[in-house]
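Notes for the one structure printed next.
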Amino acid sequence: MLEIKFVIQNLLIVQKALSDRGKTADLEVLSQCDARRKTVLLELEDLRCKRNTVSDQIAIMKKAEDNASSLHLEQLVAEMRDVSLRVKSLEKSFAEVEEKLQGIILEIPNIPHITVPVGKDSADNPVYKTSGIPRVFDFAPLPHWTIGEQLRILDFERATRITGARFPLYFGAGARLERSLINFMLDMHTTLHGYTEVLPPFIVNRKSMTHTGQLPKFEAELFKLEGWDYFLIPTAEVPVTNIHSDEILDETILPICYTAHTPCFRSEAGSYGKDTRGLIRQHQFNKVELVKFTTPESSYDELEILLKNAEAVLKALQIPYRVITLCTGDMGFSSAKTFDIEVWMPAQGVYREISSCSNFEDFQARRANIRFKRRGRKGTELVHTLNGSGLAVGRTVAAILENCQQADGSVVIPEALRPYMGGVTSITL
RNA sequence: GGAGGGAUGGCUGAGUGGUUUAAAGCGGCGGUCUUGAAAACCGCUGAGUGUAAAAGCUCCGUAGGUUCGAAUCCUACUCCCUCCGCCA
């Protein structure tokens, strides 16, 4: 959420940010509401002040029990009865205009950072860096779903029987590969990169979803629990960022770095027909997430570090990837700047997103009321929040299957992962 | 599911209708003393909004209600704790 005061004072900046994103918002109505809010509040505070002072007077008079002033007292009480009614009616008007204001401001996306390239969609995302050289195959590489089914470690058909389309079902070495990757990633981030491991709830309330920006605008993307105002998490970002909502943190404990493995649930509304095969686009998938809370002045340095921490996983697995900077039109609602890591998928011959690392600046912190206090300074400031996938686990399995496949149909396990696989060096039938 | 207790500032915790603008302690900041530190002592110290700075206003789990006036009384809800039952 942007600060209303900032939006009112910088209408042109916000207008440009919106159009760069290819979005619109009713800023006209917003400034009207803000003006009305001010008028109502002014009158309301005036009346409340009067009520407070006269009520104190009444208290003093009652204590004095001065009979001579009892008539005057009755008059005052009668007058205050009227004032009180007007206060109530103004409070109602205030609440109404405030609600309208909140409704608008909650649906305005974050302002892209100055370094974010302006562009319309994913075609305009510039490459930030490339790592590793795609392997040259002396046979036609198979897509991961074919490899997985041939090795009998993935079974999409039976998964459909259990639930429906777009749910995963792993067997044997496949299930173990997924589990190994989760442990491998968590171990790397906790021991090498200084993150604290967290195991959060997989179901959150409406407030938490609003804090991180999934709501109120994107409810269609979420799975909601019937009979509850609870949702399945689409990413660990939601529960982990909300760990510190409504808190005032001490400057000295920043940055706070958390890593968490959770399953993620997405309805993938509007994605019918996209990536219908394989592990790329599922309603349920595992992800290891990285979340940071930082001071405003360090958040962009921390974003670079976060990105490197995520990259380190693919580097260790020796799988080629590239990093792109998302342009204004392709960036998520809450983000000020996002890097996507895209892993090489040889069967399709394309790079596919496997991680998304973002700095939200104070956008989520303002919604979630996450502040920090500097030593020896009055007042509080909003923290900056960041997060990134480190990495999407299902997609990593897909990348390993495709990049490490052999002519005989087997898949060689990357060396770094072998200790987690009980020393297994390759998956064969 | 049944019974009872509770929710107050960064933390602990007093406060059952009005000159209390929420006591006190801890923590934090500053000072005195000291070569330095600790201890002791003194002072300052909730969050927002608003202002040039003030004043003012809001906030005692949330939402309503009663009242001239509510942390305090009433109603509903949420969450937490204890005990019983069930249970991985």
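Miscellaneous remarks
- The range A:147-174, residues that are over 21 Å from residue A:266 (Cα atoms), open to solvent by 40 Å² or more (accessible area, probe 1.4 Å) and either of a type in the set (Asp, Glu) or assigned to a helix (DSSP H, G or I) (or both): A:149, A:150, A:172
- Criterion: within 34 Å of the chain's Cα centre (by Cα) and near RNA strand B (Cβ under 9 Å from one of its atoms) - qualifying residue of A:76, A:30, A:85, A:41: A:41
- Leading residue by the ranking (farthest from residue A:104 (Cα to Cα)) among those in the range A:1-38 that are part of a helix (DSSP H, G or I) and charged (D, E, K, R): A:20
- If you go through the range A:326-355 and pick out every residue that is hydroxyl-bearing (Ser, Thr, Tyr), in contact with a strand residue (DSSP E or B) (Cβ under 6 Å, 6 or more places away or on another chain) and crowded, with 21+ Cβ neighbours inside 10 Å, you end up with 3.
- Flag if residue A:83 is among the hydrophobic types (A, V, I, L, M, F, W, C), more than 30 Å from residue A:124 (Cα to Cα), part of a helix (DSSP H, G or I) and open to solvent by less than 70 Å² (accessible area, probe 1.4 Å): yes
- Residue match in the range A:74-81 (condition: out of contact with any helix residue (DSSP H, G or I) (no Cβ under 8 Å at 6 or more places or on another chain), among the acidic types (Asp, Glu) and closer than 29 Å to residue A:366 by Cα): no
- Restricting the range A:147-162 to residues that are touching a residue at least 40 places away in the same chain (Cβ under 8 Å) and out of contact with any strand residue (DSSP E or B) (no Cβ under 8 Å at 6 or more places or on another chain) leaves a set whose member that is nearest to residue A:405 (Cα to Cα) is A:150.
- Selection status of residue A:115, assigned to a loop (DSSP other than H, G, I, E, B) and surrounded by fewer than 14 Cβ atoms within 10 Å (Cβ to Cβ): yes
- Verdict on residue A:36 being in contact (Cβ under 8 Å) with a residue 60 or more places away in the chain, basic (Lys, Arg) and open to solvent by less than 50 Å² (accessible area, probe 1.4 Å): no
- Matching residues in the range A:378-395 - criterion: being within 11 Å of RNA strand B (Cβ to nearest atom) and in contact with a helix residue (DSSP H, G or I) (Cβ under 9 Å, 6 or more places away or on another chain): A:381, A:382
- Residue within the range A:230-245 that is under 29 Å from residue A:416 (Cβ atoms), touching a residue at least 60 places away in the same chain (Cβ under 8 Å) and open to solvent by 30 Å² or more (accessible area, probe 1.4 Å) present: no
The values are calculated or read from the model by the stated rules, or taken from the named source; none is laboratory data. Only a predicted model underlies this, so the values are computations on that prediction, with no experimental measurement involved. Please note: Cβ atoms are built from the backbone with ideal geometry, for glycine as well, and neighbour counts cover all protein chains shown. Ligands, DNA and RNA are stripped out before the accessible areas are found, and what is left, the full protein with its side chains, is counted by its heavy atoms. Shrake-Rupley method; radii C 1.70, N 1.55, O 1.52, S 1.80 Å.
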